[in-house]
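Undergrad: Below is one structure. I have some questions about it.
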Amino acid sequence: MIKITASSPTRIDIELAGQIDADDMRIALDELIDKSQNITQGRMFYRITDFALPTLGAMEVEMSRLPKLFGLLGKFDK
């Protein structure tokens, strides 16, 4: 499960729990990209409560979205 919340205009909260499949990854990355569009000098807070490796399908989805994810790097402070 991945839960993404825009807790303020400059902060995104991400909660990860359990194994993530391709559908979960697709929905979560689209949601992350959408909720990050208007952020500048943002912060990202993430909480991992139960780690399990994502499925191969989930990793394929992530790789297919890498160009958009690289675009998010400039929106968040390091």
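Undergrad: Name every residue in the stretch 11-37 that is more than 13 Å from Met1 (Cβ to Cβ), part of a helix (DSSP H, G or I), in contact with a strand residue (DSSP E or B) (Cβ under 7 Å, 6 or more places away or on another chain) and of a type in the set (A, V, I, L, M, F, W, C), in order of residue number.
TA: Leu32
Undergrad: A further question follows. So which residues in the stretch 1-28 are surrounded by 15 or more Cβ atoms within 10 Å (Cβ to Cβ) and within 18 Å of Arg43 (Cα to Cα), if there are any at all?
TA: Within the stretch 1-28, Ile2, Ile4, Ala6, Thr10, Ile12, Asp13, Ile14, Leu16, Ala28 meet the criteria.
Undergrad: Further, regarding this structure: Do we find a residue being surrounded by 15 or more Cβ atoms within 10 Å (Cβ to Cβ) and touching a helix residue (DSSP H, G or I) at 6+ places or on another chain (Cβ under 6 Å) anywhere in the stretch 66-77?
TA: Looking through the stretch 66-77, none of the residues is surrounded by 15 or more Cβ atoms within 10 Å (Cβ to Cβ) and touching a helix residue (DSSP H, G or I) at 6+ places or on another chain (Cβ under 6 Å).
Undergrad: Could you tell me whether Thr40 is part of a strand (DSSP E or B) and open to solvent by 60 Å² or more (accessible area, probe 1.4 Å)?
TA: Against the criterion (part of a strand (DSSP E or B) and open to solvent by 60 Å² or more (accessible area, probe 1.4 Å)), Thr40 does not qualify.
The values are calculated or read from the model by the stated rules, or taken from the named source; none is laboratory data. These numbers were taken from a predicted model, which means no experiment stands behind them. For neighbour counting, all protein chains shown are included, and Cβ atoms are generated from backbone atoms with ideal geometry for every residue, glycine included. The accessibility values were calculated without ligands, DNA or RNA, using every heavy atom of the protein model including side chains. Shrake-Rupley method; radii C 1.70, N 1.55, O 1.52, S 1.80 Å.
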